[in-house]
Amino acid sequence: MRSLLLFVLLFAVSGLSAQLSAEERRATSHMEPFAIFVNAKKAKEIQAMQGPNLVVIDVRTPKETANGKIAGAIEIDIKSPGYEEKLAKLDKTKQYMVYCYAGGLSNHAFESMKKMGFKQLYCMTDGYKAYKVATTAQ
């Protein structure tokens, strides 16, 4: 009985650990600096876990965001003049997740934000296109 209980406990703990990688658990536990690439599925999990502590940034153009975006995301068009100035005005102590349509532009924004001194960053590698599919698949 005792070994069965131990087995069940170990199984439960390993199941919880499998949800997020060690790097993601450490990053979300307190204010350690991090810069992590995540796919849309993982982004949804992080967004649900972090709630209002996570600021989501859509770097697509207004024309692109008119076709849909992640609820609550702020729009900072990476192609607009003054894009970096808009980023620089953001609170560098907050946690951010940046995305675009397919991942290319968000990677550029992610790298810019790291250089600007943002300490807690996620970059969605497969973008809104995959996020939308992940949302409708549930």
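The values are calculated or read from the model by the stated rules, or taken from the named source; none is laboratory data. Predicted model only: the values in this text are computed from it and were never measured. Virtual Cβ from ideal backbone geometry, glycine too; neighbours counted across all protein chains shown. Note: areas computed on protein heavy atoms with side chains; ligands, DNA, RNA excluded. Shrake-Rupley method; radii C 1.70, N 1.55, O 1.52, S 1.80 Å.
The set of residues in segment 31-64 that are touching a residue at least 40 places away in the same chain (Cβ under 8 Å), part of a helix (DSSP H, G or I), open to solvent by 20 Å² or more (accessible area, probe 1.4 Å) and in contact with a Leu (Cβ under 9 Å, 6 or more places away or on another chain) contains only 47.
Output the residues belonging to segment 80-91 that are in contact with a strand residue (DSSP E or B) (Cβ under 9 Å, 6 or more places away or on another chain) and surrounded by fewer than 20 Cβ atoms within 10 Å (Cβ to Cβ).
Initially, segment 80-91 is screened for residues in contact with a strand residue (DSSP E or B) (Cβ under 9 Å, 6 or more places away or on another chain), giving 87, 90-91.
If the condition is that a residue be in contact with a strand residue (DSSP E or B) (Cβ under 9 Å, 6 or more places away or on another chain) and surrounded by fewer than 20 Cβ atoms within 10 Å (Cβ to Cβ), then 90, 91 are the ones that fit.
Against the numbered list (1) open to solvent by less than 90 Å² (accessible area, probe 1.4 Å); (2) free of Cβ contacts under 8 Å to residues at least 24 places away in the same chain, residue 67 comes up short only at (1).
Pairing residues of segment 110-138 that are closer than 17 Å to residue 91 by Cβ with residues that are open to solvent by 80 Å² or more (accessible area, probe 1.4 Å) and not in a helix (DSSP H, G or I), at Cβ distances under 6 Å and at least 6 apart in sequence or on separate chains, gives 119/33.
For segment 103-138: of the residues being assigned to a loop (DSSP other than H, G, I, E, B) and within 14 Å of the chain's Cα centre (by Cα), which is modelled with the lowest pLDDT?
Taking segment 103-138 and keeping what is assigned to a loop (DSSP other than H, G, I, E, B), we get 103, 116-119, 125-126, 137-138.
If we keep only those that are within 14 Å of the chain's Cα centre (by Cα) as well, we get 103, 118-119, 125-126.
Details: 103: 89, 118: 96, 119: 94, 125: 96, 126: 96.
Checked segment 103-138; the qualifying residue modelled with the lowest pLDDT is 103.
Scanning segment 28-68 for residues that are of a type in the set (Ser, Thr, Tyr) and in contact with a helix residue (DSSP H, G or I) (Cβ under 7 Å, 6 or more places away or on another chain) turns up just one, 28.
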